[in-house]
Every structure is written in structure tokens, then in C-alpha cells.
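Asks: I have a structure I would like to understand better, so I am pasting it below and will then ask my questions one at a time.
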Amino acid sequence: MPPTELIVPAEVLATYEAVIGLEVHVQLGTKTKIYCGCPTGFGAPPNTNVCPVCLGMPGALPVLNRGVVEYAVKAGLALNCVIREESIFARKNYFYPDLPKGYQISQYDRPVAEHGFIDIIAGEQHKRIGVTRAHLEDDAGKSIHDGYRDSDLYTYVDLNRTGTPLIEIVSEPDLRTSDEAYAYLTELKQLMQFIGVSECDMEKGQLRCDANVSVRKRGAEKFGTKAEVKNVNSFRFVKLALDYEILRQIALIESGGTVVQETRLYDPGTGETYSMRSKEAAHDYRYFPEPDLLPLRISGAWLDELKSSMPELPPAKRQRFIEQYGVREYDAQVLTLTRAMSDYFETAAGISGDARTAANWVMGDLAGALKSEGREITESPITAEKLGELVALIGKGEISGKLAKEIFPKMWATGDSAPAIMDREGLRQISDTSALDAIIDEVLAKNTAQVEQYKGGKTTVIGFLVGQVMKASRGQANPQIVNDLLKKKLS
């Protein structure tokens with residue numbers, strides 16, 4: 001529930017629209033930093049992964065990490081960007097306690113990648129969101145606020161992150177709702193993970209988002225004054241922060257106030273944004289070319305090599321899954337959430353002979369088992385080959401779907417294949433008519449009322465009788481043969 005002062009009538013809200021642009025910092029997953037050989041691993045003791053270069057010591061010179069450039073180019077290609085043959089590094093000057101050099105080495109007017117786009121699905125709406133630029137820069141350190149003691153605020157600085165390679169991805173102001181922003185971030189994260197340039201683990205600071213948001217009357221061409229909501233640490237909180245900020249700005253304008261350009265922070269505890277500082281303009285950073293780094297030149301041959309190494313991206317894979325395997329659009333989205341999941345599904349589908357049933361098992365029983373134990377699909381004790389084999393057995397009529405549901409948890413617990421479990425526990429499907437005749441006769445003798453109902457014209461009761469036979473056979477009876485035998489006996 002928003003604060004009382006932010007309650008705006010629905011008919012008033014409908015006259016406004018938001019204009020949202022996102023700036024996303026993605027940590028590139030190289031083992032070493034962007035300009036030195038220090039490791040980038042998470043969780044090291046404070047101020048141990050440092051050297052004179054990332055500490056900004058006098059006379060220490062940066063040397064560009066080729067792997068960082070490779071990852072940045074791949075990220076740009078995944079974002080459908082134009083890759084510059086020549087880009088320039090610049091110093092972005094500002095003071096912050098955890099920025100030892102007093103500046104970041106970034107890219108300003110000539111970034112490595114620009115003019116791209118991301119296609120999103122928000123609700124049932126497909127929309128293309130422009131990507132203005134994707135540029136390289138090094139990260140700052142981390143200030144750790146340890147609270148007050150004896151009226152003094154204690155803050156510690158850990159410089160392990162200093163010099164960690166980042167790519168900043170700046171969207172066009174094409175987003176209009178918090179749902180679109182959520183969809184954009186989800187798609188962006190998926191792209192970066194698919195091509196293997198970043199794990200995008202927000203808890204480790206590998207993906208951070210700043211949101212620029214303004215409001216204007218619907219139909220107006222001019223943008224309103226924007227506020228930046230900075231360093232929001234989950235997609236859910238980005239959505240909630242945008243919803244609050246949009247409402248705050250509309251309420252402020254409707255009450256006769258004026259939105260000011262500023263940087264704001266989001267408090268998850270209250271669900272509100274609050275002012276942090278007035279927003280600096282680009283010229284306040286006093287950008288100028290980095291004197292210690294030559295222009296970055298990317299040859300056509302190397303660019304072609306990187307293009308050829310790119311995997312199939314989620315949008316193309318989703319479309320192929322729909323066309324090749326006949327799955328629904330929603331299912332294709334779920335099956336391509338990660339590269340590992342899409343690979344698992346394709347392997348299982350190829351062995352199963354029934355891709356749609358394989359998809360249902362991957363998204364249903366397998367996903368449920370993984371979630372219950374907090375595992376990733378790469379940690380599944382049931383391999384894709386074994387799941388495909390289980391589905392194939394259903395398709396061949398060797399086991400029923402019900403029996404497969406009984407076998408699956410045994411596969412999960414042991415890692416054994418379905419045939420091995422079936423042989424060990426005598427769980428093979430019964431298709432022998434003489435064996436089934438005896439079971440059916442016993443079921444009919446115990447359910448005379450249902451038999452009379454069937455003979456009286458209520459043929460739907462056969463479903464109950466089939467169920468009783470399946471129960472008596474511990475799910476091992478072939479349901480189609482049971483159905484045929486029952487009809488024959490009852491007629």
C-alpha cells in the first residue's frame with residue numbers, strides 16, 4: 001500500500017506514461033582484472049587481490065586484458081550492436097573513498113559497441129528496446145559501513161573489486177512500464193549467461209542496475225525531468241522501485257510540485273525511494289582520453305572469428321524449439337532460461353522420440369525435484385539421456401505414465417536408468433493378456449455396481465474400472481490393453 005500522499009486516482013494515472021532507461025553493469029567473467037593480473041575471484045580476504053596498478057600507485061601503468069575485450073565484443077554481438085573497429089578509453093574523474101586512482105578508466109564518445117537492441121515479451125506484447133551503447137570500464141572498490149560505535153560511524157574499504165572488468169549496457173529510453181523493465185533485464189541476463197561472458201550473480205555484484213525514470217502526459221513528445229534510482233540489487237526490487245518512483249513523480253506533479261534531477265536510492269524495507277544526491281551531468285566527470293592506453297583496434301579477421309564462435313542465442317533457439325519440436329511459446333521460453341537447460345532438453349528430446357512429452361518432464365517433474373533440493377540442472381542425478389530413455393519407454397508402451405512417475409523418484413535417488421530399476425524391482429509393464437484377464441476378472445467381481453451401470457448405458461464408468469485395474473496391478477498394466485479387454489468383457 002503506497003503512502004497516503006502517493007495515492008493518485010486511476011483516471012489521473014491513466015493520463016500519464018513513464019519513460020524508463022536502464023544502465024546495467026555486467027562483470028565480465030575473466031579470471032584476472034581488466035588492466036592487471038590480479039584475480040577477480042569472489043570472497044577473498046579484504047585488500048588481498050590488489051597490486052600497484054589497481055591501487056593506482058604512481059608510475060604503475062595499465063595493460064589491457066585481451067580476454068576482457070573478447071568478452072565485450074561477444075556481449076555486443078549478443079545485443080545486436082555494431083562493433084567499432086576503433087574505440088577509445090577515457091578517464092572519468094570523480095572522488096569516492098573506494099576509488100584509489102580518483103578516476104575510472106572507461107569509454108565515452110567512442111565505445112566498443114553501440115546501436116543495438118533487445119527484443120522482449122512483456123505480458124503478451126512483443127517489443128524491441130534499443131541499446132544505445134555497451135562500453136568497457138573498470139570497477140571501483142567497496143565501502144563497508146559497519147555502523148556507529150561511540151557516536152562514530154565506522155566504514156572500511158575493500159579494494160579487491162577495484163579493476164574488475166565491467167561492461168556498461170545503456171538502453172534507449174524505450175521502456176514504458178516496470179514490467180517491460182523486468183522483461184528487459186531478464187532477457188539481458190539470459191543473453192550474457194548464454195554466451196558465457198558472465199554468471200550475472202547479483203549477490204556477488206556481477207550484475208547491477210541503475211534506472212532512469214521520468215513521467216509525462218500521454219501523447220507528449222518532450223521527456224519529463226528524470227530521476228536516477230541507483231544500485232538496485234534484484235530485478236524484483238527494480239520493478240518495485242520503478243512502480244514507486246513513477247507514482248511519486250505523478251503525485252508530485254499533480255500536487256503542484258516539480259520533479260528535480262537527482263540520484264535516489266530504493267529502500268526494500270519501506271518500498272520507497274529517497275534522495276541521495278543531486279545528479280551530476282556528464283561534463284562533471286571531466287572526461288578526457290586515457291593517456292596510458294592506445295586506441296583499441298579490432299581487426300575484421302578477429303571479429304569474424306568471434307562471430308563464428310557465438311552460440312545460438314535464446315531468441316533464435318526459442319523460435320527453433322517452437323518450429324522443430326512443436327512446443328508452445330511459453331514452453332520455449334522456459335526451456336531456454338539457461339543454456340544448460342536448453343541443452344538438457346534437446347538431448348532428452350532427441351532420445352525420447354516425443355519432444356513435447358520430454359519438455360513436460362523437464363519443466364515438471366525434473367524442475368520440481370531440482371527446486372526442492374536447490375540444485376542446478378547441471379547437478380541433476382538424472383542425466384538428459386536417462387530422462388529421454390524414460391520418456392521413450394512410455395512412448396513404446398513398455399511402461400505407463402503412472403509407472404514412470406513411480407520410477408522417476410527412484411532414478412533421482414540412485415542415478416540409475418529406468419530399465420535397471422524396472423529389472424531390479426519387477427516394474428515392467430504387463431501386456432500379457434492372460435495375466436491381465438485374471439486381474440480384470442477380479443476387479444469386475446468386486447465392482448458389480450459399476451458393471452451394471454456400464455451395461456445400463458453409463459459407459460463413462462469404464463474410466464473408474466481401468467483405474468481399479470491399474471491400482472490392482474501396481475500401475476504396471478498396459479492401460480490401452482486394459483481398456484480394450486474391459487470393453488470386450490463388458491459387451
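Asks: Take ALA472 and ASP179, extend 7 Å from each Cα along the Cα→Cβ direction, and tell me the distance between the two endpoints in nm.
Replies: 5.3 nm
Asks: What distance in nm separates the two pseudo spin-label positions at LYS204 and THR186, each 7 Å out from Cα along the beta-carbon direction?
Replies: 2.4 nm
Asks: Can you tell me which of 128-134, 315-321, 240-246 comes out highest on packing, and rank the rest after it, using the mean Cβ neighbours within 10 Å? Present the calculation step by step, with values, prior to reporting the outcome.
Replies: Values: 128-134: 20.3, 315-321: 17.1, 240-246: 22.7.
Averaged packing, sorted descending, gives the order 240-246, 128-134, 315-321.
Asks: Percent relative contact order of segment 433-490, based on C-alpha pairs within less than 8 angstrom and at least six residues apart?
Replies: 40 percent
Asks: May I pose another question? Using Cα-Cα distances under 8 Å and only pairs 6 or more residues apart, what relative contact order does the chain have, in percent? Walk me through the intermediate numbers first.
Replies: Values: 857 pairs, mean separation 66.8, N = 491.
Reported relative contact order: 14 percent.
Asks: Please sort by residue number the chymotrypsin sites (Phe, Trp or Tyr not before Pro) in segment 1-107 whose DSSP state is loop and whose Cβ has at most 10 other Cβ atoms within 10 Å.
Replies: Numbers: sites: TYR16, TYR35, PHE42, TYR71, PHE89, TYR94, PHE95, TYR103; in loops: TYR35, PHE42, PHE89, TYR94, PHE95.
Of the chymotrypsin sites (Phe, Trp or Tyr not before Pro), the ones in loops of segment 1-107 whose Cβ has at most 10 other Cβ atoms within 10 Å are PHE95.
Asks: Using θ = phi - 60° and the Karplus relation 6.51 cos²θ - 1.76 cosθ + 1.60, list the HN-Hα couplings for segment 378-391 in order, rounded to whole Hz, with x at every Gly or Pro.
Replies: These are the phi-based 3J(HN,Hα) values: 5, 9, 5, x, 9, 6, 4, 4, 6, 5, x, 5, 4, 5 Hz.
Asks: Lysines near LYS402 by alpha-carbon distance under 27 Å, same-chain residues fewer than 8 away left out - which ones?
Replies: LYS371, LYS386, LYS410, LYS446, LYS458, LYS471, LYS487, LYS488, LYS489
Asks: Further, regarding this structure: Between ALA14 and GLU124, what length comes free when the chain is fully extended (0.36 nm per residue of separation minus the Cα-Cα distance, one decimal in nm)? Let's see the in-between values first.
Replies: Values: separation 110, 0.36 × 110 = 39.60 nm, distance 2.01 nm.
Working it through step by step, the gained length comes to 37.6 nm.
Asks: Same structure, new question: At a 10 angstrom cut-off on C-beta neighbours, averaged per residue, how do the peptides 108-114, 82-88 rank from highest to lowest?
Replies: On the way: 108-114: 20.7, 82-88: 16.1.
Put in order of decreasing packing, that is 108-114, 82-88.
Asks: Further question on the same structure: For ILE322 and LEU265, FRET efficiency with R0 = 41 Å and r from the beta-carbon atoms, rounded to 0.05?
Replies: 0.50
Asks: Round to the nearest 0.05 the FRET efficiency obtained for ARG286 and ALA449 when R0 = 60 Å and r is the Cβ-Cβ distance.
Replies: Values: r = 90 Å, r/R0 = 1.50.
Efficiency, from the Cβ-Cβ distance: 0.10.
Asks: Using the alpha-carbon centroid of each, what span in Å lies between segment 219-233 and segment 116-134?
Replies: 18 Å
Asks: Quick one: if you stick a label point 7 Å off each Cα along the C-beta vector at LYS371 and ALA60, how many nm between them?
Replies: 4.7 nm
Asks: Assuming R0 = 25 Å, can you tell me the calculated FRET efficiency for the pair ASP437 and GLU385, based on Cβ-Cβ distance, to the nearest 0.05?
Replies: Details: r = 37 Å, r/R0 = 1.48.
So, using R0 = 25 Å, E works out to roughly 0.10.
Asks: Turning to a different aspect of this structure: Counting each DSSP H run of 4 or more residues in the chain as -39500 (n - 2.57), what helix-only mean residue ellipticity at 222 nm follows after dividing by all residues, to the nearest 500 deg cm²/dmol?
Replies: Numbers: 17 runs with 189 residues, N = 491.
Dividing the helical sum by the residues of the chain leaves -11500 deg cm²/dmol.
Asks: In terms of modelled amide H atoms, which long-range or inter-chain residues lie less than 5 Å from the amide H of LEU175?
Replies: The answer is ILE20.
Asks: Could you state the angle between the C-alpha long axis of helix 401-414 and the longest principal axis of the C-alpha atoms of the chain, as a value from 0 to 90 degrees rounded to the nearest 10?
Replies: So the helix axis and the longest Cα principal axis differ by about 50 degrees.
Asks: Among 19-27, 393-401, 59-67, 226-234, how do they line up from the highest to the lowest mean number of other beta-carbon atoms within 10 Å? Could the numbers behind the result be given before it?
Replies: Details: 19-27: 22.2, 393-401: 17.1, 59-67: 13.9, 226-234: 19.3.
Output ranking for 19-27, 393-401, 59-67, 226-234: 19-27, 226-234, 393-401, 59-67.
Asks: In whole Å, what three semi-axes, largest first, describe the equivalent ellipsoid of segment 312-425 built from its Cα gyration tensor (square root of 5 times each eigenvalue)? Numbers along the way, then the final one.
Replies: Numbers: eigenvalues 114, 51, 22 Å².
Output for segment 312-425: semi-axes of 24, 16, 10 Å.
Asks: If one computes the Cα centroid of segment 426-484 and of segment 387-412, what distance in Å separates the two points?
Replies: Taking the Cα centre of segment 387-412 as reference, the centre of segment 426-484 is 21 Å away.
Asks: Length gain on complete extension for the stretch ALA44 to SER151, per 0.36 nm per residue less the alpha carbon to alpha carbon distance?
Replies: Working: separation 107, 0.36 × 107 = 38.52 nm, distance 3.04 nm.
So the extension gain works out to 35.5 nm.
Asks: Karplus couplings for segment 474-480 from phi (6.51 cos²θ - 1.76 cosθ + 1.60, θ = phi - 60°), rounded to Hz, Gly and Pro as x?
Replies: The phi angles translate into 6, x, 8, 6, 6, x, 5 Hz.
Asks: Which ³J(HN,Hα) values in Hz, rounded to whole numbers, follow from the phi angles of segment 486-491 under the Karplus curve 6.51 cos²θ - 1.76 cosθ + 1.60, where θ = phi - 60° and Gly and Pro get x?
Replies: 4, 4, 5, 5, 6, 8
Asks: For segment 155-204 and segment 43-101, what is the separation of their Cα centres, given in Å?
Replies: 16 Å
Bear in mind these aren't lab numbers, they're just calculated from the coordinates by the rules spelled out. Since the model is a prediction, treat every value here as computed from it, not as a measurement. All Cβ positions, glycine included, derive from the backbone under ideal geometry; neighbour counts span all protein chains shown.
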